[in-house]
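Working notes, structure below.
The values are calculated or read from the model by the stated rules, or taken from the named source; none is laboratory data. Quick caveat, the model's predicted, so the values are computed rather than measured. Cβ: placed from backbone, ideal geometry, glycine included. Neighbour counts: every protein chain shown. Protein only, heavy atoms only, side chains kept; ligands, DNA and RNA dropped before computing areas. Shrake-Rupley method; radii C 1.70, N 1.55, O 1.52, S 1.80 Å.
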Amino acid sequence: MAFMAKALFPVTSELAINKRRLLRDLNAISRIGIGDHGSVTRLVFSIKELRSRQLLIHLMRQAGLKIHVDRIGNIFARWNGHNPKAPAVLAGSHLDTVVQGGKFDGPVGVIGALEALRTLKENKVPLRCPVEVVCFVGEESSRFGYSTLGSSLVAGEVQIEDLTHAVDAHGTKLEDILASMGIYRDNLASLTRDPSTIKAYLELHIEQGPILETKGKKIGLVTSIAAPTRFKAVFTGQADHSGTTPMEMRKDALVAAAKLITYIEEVCREFSAVEKGRIVGTVGAMKIEPGVMNAVPGKVELSIDIRSITAEAKDRVASQVKDRAAEIARARDIDVEILPIREELPVPLNEELLLLTKHICDQNGIAYEVMPSGAGHDAMQMAKITRAAMIFVPSKRGISHNPSEWTEPEDICLGSQVLLETMIRLANDEG
Ligand code: HGY
Ligand code: MN
Ligand code: MN
């Protein structure tokens with residue numbers, strides 16, 4: 001499916017990205033990992049995800065950028081500008097996807113940033129500091145339950161003990177994959193980046209929600225990023241014969257898990273209705289053992305994702321869910337174990353950069369919406385070591401993490417133009 005962009009006014013009078021090239025490369029990346037119904041699956045460290053990073057490196061080489069790949073596979077491509085030693089303006093996102101995801105979550109930010117850099121370099125735009133495109137590895141939590149892996153390592157946010165329960169559906173441990181790359185507890189620090197080498201981090205991303213479309217806006221400027229509390233709840237009852245075991249004798253782990261799943265939905269709906277600070281709760285994955293029709297489920301593992309813009313709301317609901325799990329288990333005389341995966345705080349983005357991006361949109365007559373992000377992003381980790389900003393482009397019907405994820409080509413190009421303009425002004429000290 002080729003994207004065709006209508007004519008688009010450049011955000012800056014003298015400089016315009018190459019829209020056709022941007023959409024061509026986005027199309028090429030989106031074909032890697034394509035599956036049923038146009039879905040895309042590039043789980044972190046899978047062959048498809050590796051191939052997408054290989055294609056990106058090829059495009060960066062073609063652009064004549066200076067490339068650095070760190071030990072986990074984060075890719076940095078740099079153009080030096082007038083002062084190679086100055087802190088760089090970074091822009092990027094991720095290429096890994098959820099299972100059967102869409103074409104735009106992540107690649108829009110990586111290819112949009114690459115296109116901005118190519119435009120700067122080709123036009124020899126005078127810049128006081130270097131600019132870099134970055135592609136972070138493992139932004140999605142889909143494979144291991146652990147999200148923003150690459151950017152967390154760069155920001156020095158990873159403790160090896162946090163990875164204990166980061167295990168994929170086949171039992172592969174994230175810790176073992178890191179070890180196979182020579183990444184251990186005592187050399188994690190070698191993956192962090194010195195914050196003094198970064199002037200700011202910018203991320204162009206699809207909104208993954210309905211606000212921009214509903215409000216008829218083309219650009220979203222992000223104030224803060226919701227953060228997840230992620231953990232597993234493992235109910236252990238007793239596997240038994242589905243035909244001979246009387247109902248009153250069963251220790252059915254799946255029925256217990258089902259009660260917790262509906263409780264999570266109820267408590268998040270109630271909380272969102274009465275309290276400020278929207279909260280969402282999801283059980284997106286479940287493992288059932290023995291998982292056959294003629295055996296009462298003996299063990300069930302739920303993967304739970306609870307998020308809010310306000311930490312207090314998230315913490316309160318998460319602890320209520322854990323208490324409820326214990327009550328359900330006690331009432332049914334089965335066991336339940338809570339396995340923590342990650343506990344994140346909501347992240348405010350940089351006020352100065354928000355004002356700069358507002359100013360750029362105002363100057364160019366672009367309708368924008370100032371808004372929080374319900375989805376997590378690499379910017380939430382980069383915001384811990386440098387000034388960070390996010391630029392959203394609209395998602396059709398607000399759909400994402402779904403094959404029908406769609407953003408209009410001209411919206412993607414406009415987002416890349418705004419990113420380009422922001423990079424120029426930041427690199428030349430306007431930010
Ligand atoms: O899960 C998220 O919020 C994002 O899509 N990684
Ligand atoms: Mn995503
Ligand atoms: Mn994303």
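Can you name every residue in the stretch 303-358 that is assigned by TED's automatic domain parsing to the domain that holds M249, in a helix (DSSP H, G or I), within 23 Å of the chain's Cα centre (by Cα) and surrounded by 15 or more Cβ atoms within 10 Å (Cβ to Cβ)? A311, A313, K314, D315, V317, A318, listed by residue number. The residue that is farthest from M286 (Cα to Cα), counting only those in the stretch 146-169 that are of a type in the set (G, A, S) and surrounded by fewer than 19 Cβ atoms within 10 Å (Cβ to Cβ), is G156. What's the number of the only condition in (1) within 16 Å of ligand 1 (Cβ to nearest atom); (2) assigned to a loop (DSSP other than H, G, I, E, B); (3) open to solvent by less than 30 Å² (accessible area, probe 1.4 Å) that P403 fails to meet? Failing condition for P403: (3).
Evaluating G101 against the criteria (1) closer than 30 Å to Y184 by Cβ; (2) surrounded by 24 or more Cβ atoms within 10 Å (Cβ to Cβ); (3) within 12 Å of ligand 1 (Cβ to nearest atom) leaves one unmet condition, (1). Scanning the stretch 210-246 for residues that are open to solvent by 10 Å² or more (accessible area, probe 1.4 Å) and either closer than 28 Å to M382 by Cβ or within 14 Å of ligand 1 (Cβ to nearest atom) (or both) yields a count of 10. Only a single item in (1) at negative phi; (2) open to solvent by 30 Å² or more (accessible area, probe 1.4 Å); (3) under 22 Å from the mean Cα position of the chain (by Cα) is not met by R397, and it is number (1).
Determine whether V300 is over 17 Å from D315 (Cβ atoms), part of a loop (DSSP other than H, G, I, E, B) and either in contact with a Phe, Trp or Tyr (Cβ under 6 Å, 6 or more places away or on another chain) or open to solvent by 70 Å² or more (accessible area, probe 1.4 Å) (or both).
no
Among the residues of the stretch 373-396, those identified as part of a loop (DSSP other than H, G, I, E, B) and either more than 12 Å from ligand 1 (Cβ to nearest atom) or without any contact (Cβ under 8 Å) to a residue 40 or more places away in the chain (or both) are A383, K384, I385, T386, R387, P394. Selection of the stretch 371-381 for residues being away from ligand 2 (no atom under 14 Å from the Cβ) and closer than 15 Å to L354 by Cβ yields M371, P372.
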